[in-house]
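Just below is one structure, and these are the notes that go with it.
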Amino acid sequence: MHAAVIVFPGSNCDRDLAVALERAGARVSMVWHKDTSLPEGVDLIGVPGGFSFGDYLRCGAIAANSPICRSVVAHADKGGYVLGVCNGFQILTETGLLPGVLLRNSALKYVCKPVELRVETAASAYTAGYSAGDVVTFPIAHHDGNYHTDPETLRALNAEDRVAFRYVDNPNGSVEDIAGIVSENRRVLGMMPHPERMAEPAHGGTDGAAMFAGLVDQMANA
Amino acid sequence: MKARVHIMLKTGVLDPQGEAVRHALGSLGFDGVDAVRQGKVIELDLAETDAEKARENVTAMCEKLLANTVIESYWVEIA
């Protein structure tokens, strides 16, 4: 499996994401935001966490309009896989690849701590390594992770089984405790918690490893 | 020519910052503030000299980048 991880000015989880994918067996290319095309034959694009462009204007808004993001959207439109974590999730909502938006945390504080999540669906390449109902612990580290969308979209997300993760104890005010969602074709996942920071024993836990192992496995068999 | 873009969260979208400001005003003794909504103002210096064209351009900028119309509304002043 060949993965590309996009690097924006201000990304700070790009290498973590690359290492997690590599340890799961993926070949990883780092791609700079000013590049206009992706390496040939990329299966998965990782949009990493961080503070792209200093969170100016709105989190993810400037990154979503960077040259490489046109290729990211084109990749997704062709049915390619895109994983957005934290700032990556914010960027994916700004591109329109995922519905909704991440507002300022309801308590107005930056929250940095491990949190429990419930896996809501195993029906995606990202969550195939889990069972629905599993409770996993991933770290969160964000100021704007309060997921918001209109009632109609919320109904669709629930009806189409597109909520991938919910917080067990909501840390940021997200509507219906939503921590991560998938696109209509289930190939784009955005989530605020960081699976790549809980992927090997030195991280203090390995709950995230199953996501990367599952992804590599699914794509090797595709 | 100058343009000023006003961006506000849409009605119904929770504004935790506005809410925090309302609380702070109350604790300073400013009674009777029922609600606070916080927005932003963006000023642009434009080479364009035709007001109608300027408005059209700035509206396109709002739709594409300056506002997130999922949660924000905007209005444009041309001066």
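The values are calculated or read from the model by the stated rules, or taken from the named source; none is laboratory data. Treat the numbers as computed from the prediction; the structure is a model and nothing was measured. Here the Cβ is made from the backbone with ideal geometry for all residues, glycine too, and neighbour counts use every protein chain on show.
A few notes on this one:
- Considering the stretch A:162-201, the residues that are assigned to a helix (DSSP H, G or I) and not hydrophobic (A, V, I, L, M, F, W, C) include one that is surrounded by the most Cβ atoms within 10 Å (Cβ to Cβ), namely A:GLU196.
- Within the stretch B:6-26, the residues that satisfy the criterion of being of a type outside the set (Gly, Ala, Ser) and part of a helix (DSSP H, G or I) are B:PRO16, B:GLN17, B:GLU19, B:VAL21, B:ARG22, B:HIS23, B:LEU25.
- Meeting the requirement of 1 or more residues that are at pLDDT 95 or above, surrounded by fewer than 23 Cβ atoms within 10 Å (Cβ to Cβ) and away from chain B (no Cβ under 14 Å), the strands (runs of 3 or more DSSP E) wholly within the stretch A:1-102 are A:2-7, A:27-32.
- Residue list for the stretch A:146-161, filter: in contact with a helix residue (DSSP H, G or I) (Cβ under 8 Å, 6 or more places away or on another chain) and either in a loop (DSSP other than H, G, I, E, B) or modelled with pLDDT under 95 (or both): A:THR149
- Checking every residue in the stretch B:52-65 against the condition of being of a type in the set (Ser, Thr, Tyr) and farther than 26 Å from A:PRO151 by Cβ gives at least one match.
- If the condition is being within 30 Å of B:HIS23 (Cβ to Cβ) and either without any contact (Cβ under 8 Å) to a residue 12 or more places away in the chain or away from chain B (no Cβ under 12 Å) (or both), then the stretch A:117-144 contributes A:PRO139, A:ILE140, A:ALA141, A:HIS142.
- Scanning the stretch A:135-166 for residues that are more than 16 Å from the chain's Cα centre (by Cα) and of a type in the set (D, E, K, R) yields A:ASP150, A:GLU152, A:ARG155, A:GLU160, A:ASP161.
- Residues that are crowded, with 18+ Cβ neighbours inside 10 Å and either facing chain A (nearest Cβ under 10 Å) or at pLDDT below 95 (or both), drawn from the stretch B:50-79: B:LEU66, B:ALA67, B:ASN68, B:ILE71, B:GLU72
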